[in-house]
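Asks: Submitted below is the structure of interest, expressed as structure tokens.
The values are calculated or read from the model by the stated rules, or taken from the named source; none is laboratory data. As the structure is a computational prediction, the values presented were derived from the model and not from experiment. When we count neighbours, we look across all protein chains shown, and the Cβ atoms used for this are built from the backbone with ideal geometry, even at glycine. Surface areas here come from the heavy atoms of the whole protein model, side chains and all, with no ligands, DNA or RNA. Shrake-Rupley method; radii C 1.70, N 1.55, O 1.52, S 1.80 Å.
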Amino acid sequence: MNDDVWPYAPEDGSTDTLEFFTDVLRTYSAEQRIKLRKNPRRKMDYSHLLTQEQFSQAKLKARRYGQTQTMFVPVWSNQKIFTGLGAADTVLDFQTEYVGYYEYNVSDKVIIWEDWDNYTVHDIASSTPFTITLSAPIGVDYTKAFVMPLRKAVTYTGFSFNQDSPNQTY
């Protein structure tokens, strides 16, 4: 496990948006957009339903990383489910799905996630249109795992926590 990864799966209703910054030049019949920012900003707004243990660990991470430190956040909207990954595997085969759709780039990081406390992080050594090759073997056997890219993130507005009563029964 990496300490600088936010490993909690988001609830339904979480959002992942891209924000472009362009200048619009209008003519009588069309318009042209000129980019003013090289890459779009990505805003991930995740809500989580956490156990007491997860909640306390999430608060510790929030204190540690706050509004100034970068951490790695999985791009859950680009997840791909793999079954039967072995500890010695280094190549992830996306079969007929195009790797570029999932935003995997050489030298980026990828997370192989089975649970909030059972995941590994790897560097991408190379990629083809339908596979990515990791820089090292996975190191753990996974029966069913989510594979997704990791992105460096800063929480400019900080974290917001709400907790129901721990003594509440359902």
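Asks: For the charge dipole of region 5-91, defined by +1 on Lys and Arg C-beta atoms and -1 on Asp and Glu C-beta atoms about the Cα centroid, which residue among A9, N39, A58 has the Cα displaced farthest towards the positive pole?
Replies: N39
Asks: Checking the cross-link filter: which lysines have an alpha carbon closer than 25 Å to that of K80, excluding same-chain neighbours under 8 positions apart?
Replies: Cα-Cα hits under 25 Å: K43, K109, K144, K152.
Asks: Would you kindly find the accessible area of K59, with a 1.4 Å probe and non-protein molecules such as ligands, DNA and RNA excluded, rounding to the nearest 10 Å²?
Replies: Approximately 70 Å² of K59 is accessible to the 1.4 Å probe.
Asks: Just in region 1-83: which chymotrypsin sites (Phe, Trp or Tyr not before Pro) are loop by DSSP and have at most 10 other Cβ atoms within 10 Å?
Replies: Numbers: sites: Y8, F20, F21, Y28, Y46, F55, Y65, F72, W76, F82; in loops: Y8, F20, F21, Y28, Y46.
Of the chymotrypsin sites (Phe, Trp or Tyr not before Pro), the ones in loops of region 1-83 whose Cβ has at most 10 other Cβ atoms within 10 Å are Y28.
Asks: For region 52-115, with only Lys/Arg (+1) and Asp/Glu (-1) charged at the beta-carbon, what is the dipole magnitude about the Cα centre, in debye rounded to 20?
Replies: It works out to roughly 520 debye.
Asks: Rounded if a/c is under 1.5, else prolate if a/b is larger than b/c, else oblate: which is the chain, with a ≥ b ≥ c the root eigenvalues of its Cα gyration tensor?
Replies: It comes out oblate by the Cα gyration axes.
Asks: Quote the charge dipole size of the chain about the Cα centre in Debye, to the nearest 20; the model charges only the Cβ of Lys and Arg (+1) and of Asp and Glu (-1). Each step should come with its number before you reach the end.
Replies: Numbers: 17 positive and 21 negative charges, 181 e Å.
Here the chain has a charge dipole of around 880 debye.
Asks: Which log10 I(q)/I(0) values does region 69-140 give at q = 0.18, 0.22 Å⁻¹ under the Debye formula, counting every alpha carbon as one identical point scatterer?
Replies: Listed by q, the Debye log ratios stand at -0.70, -1.08.
Asks: Okay, moving on. Gaussian network model of the chain, Cα springs within a sub-10 Å range: biggest mean-square fluctuation belongs to which of T22, T133, T51?
Replies: It is T22.
Asks: Sticking with this one: Determine the calculated [θ] at 222 nm for the chain from helices alone, applying -39500 (n - 2.57) to every DSSP H run no shorter than 4 residues and normalising by the residue count; nearest 500 deg cm²/dmol.
Replies: The helix contribution divided over the chain gives -2500 deg cm²/dmol.
Asks: I'd like to check one number: the per residue accessible area of the chain, probe 1.4 Å, reported in Å² as a whole number.
Replies: 65 Å²
Asks: With a/c under 1.5 counting as rounded, go ahead and sort region 109-164 into rounded, prolate or oblate using the C-alpha gyration tensor (a ≥ b ≥ c being the square roots of the eigenvalues; past the cut-off, prolate if a/b is larger than b/c, else oblate).
Replies: The shape class here is oblate.
Asks: Please state the relative contact order of the chain as a whole percent: Cα pairs under 8 Å, 6+ residues apart?
Replies: Details: 299 pairs, mean separation 43.6, N = 170.
Worked out over the chain, it gives 26 percent.
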